[in-house]
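Novice: Can you read through this structure? Questions will come right after.
The values are calculated or read from the model by the stated rules, or taken from the named source; none is laboratory data. Quick caveat: nothing in here was measured; it's all calculated off a predicted structure. Here the Cβ positions follow ideal geometry from the backbone for every residue, glycine too, while neighbour counts run over all protein chains shown. Heavy atoms of the whole protein, side chains included, go into the accessibility calculation; ligands, DNA and RNA do not. Shrake-Rupley method; radii C 1.70, N 1.55, O 1.52, S 1.80 Å.
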Amino acid sequence: MTEERCPQLVDYFVVAGLAGAGSPLDEEGQQRGVRALQPVTDLAVIARGLGEDVPEGFTCIEKTQGGHPAELSAGLLNNTHMFLCYRRGHDKPPLVELGVLYEGKDPVRPGWQVIETTPYSRSASLSSSGPATHRTFLMFRRAPDSQALNTLGVTEISLLMPSKGETAPHTYCRVDKNLNTGMWGPALYLCYKRSVAKANALVYEAGLISRYPEEDLESFPLPDSVPVFCLPMGVTVESWPLNTKYQLPVFSTFVLTSASGDKVYGAAIQFYEAYPRESLSERQCVRLGLLSVVDRRPITNRSVQVKKSICVLSHWPFFSVFQKFLTFIYRYSISGPHVLPLEKHISSFMHNVPFPSAQRPRILVQLSPYDNLLLCQPVSSPLPLSGASFVKLLQNLGPENACSLLLAVLTEHKLLLHSLRPDVLTSVSEALVSMSFPLRWPCPYIPLCPLRMADVLCAPMPFIVGVHSSYFDLYDPPTDVVCVDLDSNTIFQSEDKKPLSWRSLPRKHGKILLNSLSNLHKTLEKIYTPGQEEATLEFLLTDYDLIYGRQKQLELEIQEAFLRFMSCLLRGYRSFLLPITQAPSDRTTDCSSLFNLQGFLKSRDRTQQKFYTQLTKTQMFTQFIEECSFVSDRHGCLEFFDECVQKVDVEKPEDVRLIDRDECHSGEHTVFIMPPEEPQEADGSECPAHYSYDTFPVLQSDLFDRPQDQLQTPAKGSAPSSPAPRRTKQEIKLAQKKAQKYSTVPEMWSKCLLGHCYGLWFICLPTFVRAESNKVRALHAAYEVLKHMETRKVVLPDEVCYRILMQLCGQYGQPVLAVRVLLEMKRAGITPNTITYGYYNKAVLESKWPSTNQGGRLRWAKLRNVVLAVAHFRQPIKQQQRSASFSSHAGQRSPASSTSYYYGVNLKAIDVLTLMAGGYLLFCRSVEVRETLNRKSVDENYNNVSSPSRGLAGKLQQLLTPTRNRASVRRAASVGDRRPGANGHLHRTSEQKQSRKSQMTESLLKVLMSSCSLCRSCNSLVYDEEIMAGWSSDDSNLNTTCPFCSAPFVPLLNAEICDPGPVCSPCVTASERQTPAPRPAANQRVTVAYLSPLVLRKEMESLLENEGDAVLSQVQLLDSHSILFWNLVWYFTRLGLPSNLLQLLRTSPLTARLTQGAAVRVRLLWDTLTPDTEQWPALYMLWRIHSRVPMRNYSWRHHNHPFNLNFLEEVLRWIGMNEVHKAITLFLDTVAKQPGTPRIQRSLYREMLFLTVAAMGKDHVASFDKRYKAAYVRLSSSLGREELRRKRVQPPSPKAVDCRRCFLLPLEC
């Protein structure tokens, strides 16, 4: 078996920075138009009317954006002419946020400082000082002391008057609180700009310094553009004051899209390290402020720093894990010395950390004695995997802007997202394309766009691009682009365009979405405090875990709100899909041919027509229809969306839960990965630590460890082209919910089990069709099985039955039959889901259709009608002939014809149910003839052996039958009394007919099977329908529940392979009938667990997933998977379904010592194959012994049981007279008179049922059940239910009776 590598966690480790000489972003090595602005560190309010001047070092804002006076107190009666002043510098942490406080209305949030006084100790209130008014103050939030140079801070402050037509400049944040609280005057608002407070810097394009592995992976070569994505704004060489605080690394993420559409996620941290002055030219030193401009004197109080980045690339968005790993690697490089080189830890993480799976959902990686990280299985949600953070989306955009951007995405606008935080850009961009699920963004998508690739903003197509906010210091965006500032929560558009508004969404659904997001936003503000985001950039790994734990639930709820909106938006879309029902043409695959667009638009409200018209014209919607119409790699996600659409089709969709919370983090199975071992000296002492680094080193390939083989896993054996019987996770989940629901409803539980049984047969159908010579006939037989299932109202747990047959129709070129299957599916009231619909369209699109010439088809149709008419006219004649020679026809049935019952039969004209019933009747008759040949002498140990009256069976049948049907019953009884030897006329007629044919002798391999199991707790035999009723809906539970003691136990399926040797053809003589056939010397017996159809199906799917569907045609199936084999044989024989499993039995080593090449016949028995000879014989066995009916010979021990012939006839008489309660009382009284404990394993109901069946046939089972139940109710009032239950008198439960009725009655006693 071939091997393949399981999903690898990390593909590449990259070091990016200033490689070689480096190419500057412009001729001077410095960005155009950039001037180094110091951040704002202080604010002050002065009252010029009271003689206050601008403090030293401060700048006063005297004009608004439009040039109007910027007095803060212009609306007051006692105007003191107050102005706002600010100061820049690097001597303290910068201001990061400004605000306005209405005292008494708003609480002061933690971390904010209020400007209550002027520098001259006067009140800085911007409102009047009356006692009835609330005072208004300015306030600010300062960066923590840990912040250093080049951090986010306020760099520009401005005032604006909206009434004068002034608006906030692009990238500015506006504080939505009016500063003018007076009685008159225009409204005045404060706005500010946050940016990175840059020092003097030279900017170069990033290059690749080193990488691991050095060779490209075959499946994913390393893109050349990775370095520029690691440092999107370029490599900066900067000069810092010597007293500058240490700069923390900045975490960023980006997404690359391959040519095939696969996403590759990158995680990087950017940091600064020392750069030698000797590498700089004189001109560069002047620009960096390292040399004086006049005399070129060196300035020694400054240091030179260069930006560098380390990055990992992966196909999985484990951003938090990668952040911790990269942070550990960076800390390792700046500390030391160490015993192990840096390369050992990198290779250990890349090669030794396995990908989380269902068997190992949690991976705990110990990076060092003090650092660890937890890796959890990501593929637990049916939604597409992405690096989205809906918490950051709502946190940075707010409810209204989030809804407005959803509208922009659905109508395919050009979106430009920008922020000063690169990791937020990727998280929000991913959330933006994920919130429109199931629609997928098909246009250019670059969440973090490098500066050199900014030309994509001029593309004449929709796009979603994210850039660093410093981009706007260099360029102006195109006028047709919607700019979204994630730092200021603002959306900017060109003035000539209608502004985006969430009100353009469908009103009802849009309002529900907005309300949900508003409530979640309030919850988010309560649990989130400013400063936590900055803390995640530090090295407090445990703090990050706490934040993640609290935000996980909010993440799912926000995502669920968008999913609910999209489900309501596209509700009912599947009913407008147009299946391909004719031979395909050039326009068959067009969206207009696949979807009824006009019907879909007419089904929507008139007020929503404009929005839906825009939506249906987008590339996203066209792509969505194509994915729903054909086989797609997203079929699992689309199927989940269809389920969500069904769920929201209620009165209050906002109350419906769509996403189940992921509980994989709480799993118990955790794999621990230890850090790489440190080497030791020869004497066992520790090796010296001599690995230390001044800067992040260039990776050396000889220091990496070679990859180990522990990541190798066996490849799946199933061929990609073979029909896929596997269910998706969503289908399995829905089937489990259905089973759990139906397990409490007796009449539905049996149909649920029956549906899984048919599902098992269709799973094996590809193997069966492959083994058949006439594959088209086999496909038509499967189609008739589908129709029969609809007739029986089988509850199917999924659509696998239809899907497999559709795919086989496409594989064997039968598109017309695929169309008939689809029509049958719709006739059954089942709407095909995305997967089934895709396989159907693929089958009819890729198959060769028959000729459209109708002349020949019409002539053949006429001929068919003539033949059918003749057949219908001859049918009454054949029925009379059949009734006259029924016994002879039963004997002429060959063993092979019962195995392949559908050959030569026109299944279109004959009902499948009739065919199964007739085949079973002939089967029973032939079995009776063969058992007559094997008649044994009666055991002398039985007491009171005599022949009962021959007419008793007929009389009892008359007593059990209503008056209006007694005439027909008498005729049936008279025919039934014609036993072999009693009346030889029929046999002589048969012999005369058969004498004309040549006598052929063939071998017959008989397999007897029984599911009757013994409960060890109460020593009671539990029968098939009772076992079915006791099964649970859990597809991993092998136990059933005993109906007598309620104890769980595993039922067993017993099989006995008999080889009676050569058996004559049906033309046997009367003298041969009286000669018993010799019993085979040794029969093979097999005992396996009797599995519920739910458990069996789960195991079968696991087998096919691991070994492929070819295993079903291999003889090794009997040895390696005997439990599955015998359970499949049992269910397929029980339902009369053909399969190739019996052919495997003929060639298996299990039958090597028996007759080779024999035809296989399976008999399903109701009672146990091996009764306990220590117990009393069953009543029906005693009746057959007294009646001299042939049966299996058992070595019974001497028993003084009280069941003589008179007792049996008396019981049957009471049953026949509808006095079942007297029969029960007679049995209980007779058993009570016996000394000691009664040796009975069967319940009283089972004893009387089998006796009735043996004496009068199976036609009276239903009437016996009804009368026995009435008798039990009658006796319960006198004897008590508990006493009757203790004596095992109770009838079977309604669930058990329904299971027997639903599975028909093919079992023999």
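Novice: With respect to Leu1124, is the statement that it is more than 23 Å from Pro1051 (Cα to Cα), open to solvent by less than 40 Å² (accessible area, probe 1.4 Å) and part of a helix (DSSP H, G or I) true? Please lay out each step first, then the result.
Specialist: On the way: more than 23 Å from Pro1051 (Cα to Cα): no; open to solvent by less than 40 Å² (accessible area, probe 1.4 Å): yes; part of a helix (DSSP H, G or I): yes.
Answer is no for this residue.
Novice: Considering only the range 562-646, give the helices (runs of 4 or more DSSP H) lying wholly within it that have at least 2 residues that are among the hydroxyl-bearing types (Ser, Thr, Tyr) and open to solvent by less than 50 Å² (accessible area, probe 1.4 Å).
Specialist: Working: elements: 591-594, 597-602, 609-616, 619-629.
Here the list reads 609-616, 619-629.
Novice: So in the range 400-420, with the set limited to residues that are hydroxyl-bearing (Ser, Thr, Tyr) and not in a loop (DSSP other than H, G, I, E, B), which one is nearest to Pro478 (Cα to Cα)?
Specialist: So the first thing to find is which residues in the range 400-420 are hydroxyl-bearing (Ser, Thr, Tyr), and the list is 404, 411, 419.
Subset that is not in a loop (DSSP other than H, G, I, E, B): 404, 419.
Numbers: Ser404: 20, Ser419: 18 Å.
By that ranking, first place goes to Ser419.
Rundown of residues vs (1) surrounded by fewer than 17 Cβ atoms within 10 Å (Cβ to Cβ); (2) within 25 Å of Gly636 (Cα to Cα); (3) out of contact with any helix residue (DSSP H, G or I) (no Cβ under 9 Å at 6 or more places or on another chain); (4) of a type in the set (Phe, Trp, Tyr), yes/no style:
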| site | (1), (2), (3), (4) |
| --- | --- |
| Ser773 | yes, no, yes, no |
| Lys793 | yes, no, no, no |
| Leu805 | no, yes, no, no |
| Leu808 | no, yes, no, no |
| Lys826 | yes, yes, yes, no |
| Ala843 | no, yes, no, no |
| Pro850 | yes, no, no, no |
| Leu863 | yes, no, yes, no |
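Novice: Moving on to the next point. Scan Leu231, Leu242, Leu202 and give me the residue that is open to solvent by 40 Å² or more (accessible area, probe 1.4 Å) and among the aliphatic types (A, V, I, L, M).
Specialist: Working: Leu231 fails: open to solvent by 40 Å² or more (accessible area, probe 1.4 Å); Leu202 fails: open to solvent by 40 Å² or more (accessible area, probe 1.4 Å).
The conditions single out Leu242.
Novice: Given the condition under 45 Å from the mean Cα position of the chain (by Cα), open to solvent by less than 60 Å² (accessible area, probe 1.4 Å), under 22 Å from Arg1184 (Cβ atoms) and of a type outside the set (D, E, K, R), answer yes or no: does some residue in the range 1257-1279 qualify?
Specialist: Yes, some residue in the range 1257-1279 is under 45 Å from the mean Cα position of the chain (by Cα), open to solvent by less than 60 Å² (accessible area, probe 1.4 Å), under 22 Å from Arg1184 (Cβ atoms) and of a type outside the set (D, E, K, R).
Novice: Follow-up question, since we're still on this one. I need the full set of residues from the range 86-95 which are buried (at least 22 other Cβ atoms within 10 Å of the Cβ) and either assigned to a strand (DSSP E or B) or of a type in the set (A, V, I, L, M) (or both), in order please.
Specialist: The first filter runs over the range 86-95 and keeps only residues buried (at least 22 other Cβ atoms within 10 Å of the Cβ), leaving 94-95.
Across the range 86-95, the qualifying residue is only Leu95.
Novice: Taking into account only those residues within the range 421-452 that are of a type in the set (D, E, K, R) and farther than 16 Å from Phe251 by Cα, which is surrounded by the fewest Cβ atoms within 10 Å (Cβ to Cβ)?
Specialist: Looking only at the range 421-452, we keep the residues that are of a type in the set (D, E, K, R), and these are 421, 423, 430, 440, 452.
Right, trim to farther than 16 Å from Phe251 by Cα and you get 430, 440, 452.
Numbers: Glu430: 27, Arg440: 17, Arg452: 14.
The qualifying residue surrounded by the fewest Cβ atoms within 10 Å (Cβ to Cβ) is Arg452.
Novice: Further, regarding this structure: Has the range 1221-1239 got any residue that is crowded, with 17+ Cβ neighbours inside 10 Å and in a loop (DSSP other than H, G, I, E, B)?
Specialist: No: zero hits.
Novice: State which residue is nearest to Tyr370 (Cα to Cα) when the search covers only the range 645-677 and only residues that are modelled with pLDDT of 80 or more and charged (D, E, K, R).
Specialist: Glu677
Novice: For the range 315-347: of the residues being of a type in the set (Gly, Ala, Ser) and either over 24 Å from Pro679 (Cβ atoms) or open to solvent by 10 Å² or more (accessible area, probe 1.4 Å) (or both), which is modelled with the lowest pLDDT? Full working, then the answer.
Specialist: Looking only at the range 315-347, we keep the residues that are of a type in the set (Gly, Ala, Ser), and these are 320, 333, 335-336, 347.
Checking which are either over 24 Å from Pro679 (Cβ atoms) or open to solvent by 10 Å² or more (accessible area, probe 1.4 Å) (or both) leaves us with 320, 335-336.
On the way: Ser320: 85, Ser335: 86, Gly336: 76.
My answer is Gly336.
Novice: Return the residue satisfying two criteria in turn: it lies in the range 1-24 and is closer than 23 Å to Ser470 by Cβ and surrounded by fewer than 20 Cβ atoms within 10 Å (Cβ to Cβ), and of such residues it is modelled with the highest pLDDT.
Specialist: Across the range 1-24, the extreme among qualifying residues is Ala19.
Novice: Based on what the data block shows, is Arg1146 modelled with pLDDT under 85 and more than 20 Å from Glu1308 (Cβ to Cβ)?
Specialist: On the way: modelled with pLDDT under 85: yes; more than 20 Å from Glu1308 (Cβ to Cβ): yes.
Criteria met by Arg1146.
Novice: Something else about it: Taking Arg122, is it touching a helix residue (DSSP H, G or I) at 6+ places or on another chain (Cβ under 7 Å), of a type in the set (Lys, Arg), open to solvent by 50 Å² or more (accessible area, probe 1.4 Å) and more than 27 Å from Asp487 (Cβ to Cβ)? So that I can check it myself, show each step before the final result.
Specialist: Numbers: touching a helix residue (DSSP H, G or I) at 6+ places or on another chain (Cβ under 7 Å): yes; of a type in the set (Lys, Arg): yes; open to solvent by 50 Å² or more (accessible area, probe 1.4 Å): yes; more than 27 Å from Asp487 (Cβ to Cβ): yes.
Yes, satisfied.
Novice: Does any residue of the range 370-379 turn out to be over 29 Å from the mean Cα position of the chain (by Cα), in a loop (DSSP other than H, G, I, E, B) and at pLDDT below 90? Explain how you work it out, then say what you get.
Specialist: Within the range 370-379, the first condition is being over 29 Å from the mean Cα position of the chain (by Cα), and the residues that meet it are 370-372.
Going one step further and asking which of them are in a loop (DSSP other than H, G, I, E, B), we end up with 370-371.
Filter once more, keeping what is at pLDDT below 90: 370-371.
Yes, the range 370-379 has at least one match.
Every residue, every condition in (1) out of contact with any strand residue (DSSP E or B) (no Cβ under 8 Å at 6 or more places or on another chain); (2) part of a loop (DSSP other than H, G, I, E, B); (3) in contact (Cβ under 8 Å) with a residue 24 or more places away in the chain; (4) open to solvent by 40 Å² or more (accessible area, probe 1.4 Å), yes or no:
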{"site": "Val467", "(1), (2), (3), (4)": "no, no, yes, no"}
{"site": "Tyr471", "(1), (2), (3), (4)": "no, no, yes, no"}
{"site": "Asp476", "(1), (2), (3), (4)": "yes, yes, no, yes"}
{"site": "Cys483", "(1), (2), (3), (4)": "no, no, yes, no"}
{"site": "Ser488", "(1), (2), (3), (4)": "no, yes, yes, no"}
{"site": "Ile491", "(1), (2), (3), (4)": "no, no, yes, yes"}
{"site": "Lys497", "(1), (2), (3), (4)": "yes, yes, no, yes"}
{"site": "Leu500", "(1), (2), (3), (4)": "no, yes, yes, no"}
{"site": "Arg503", "(1), (2), (3), (4)": "yes, no, no, yes"}
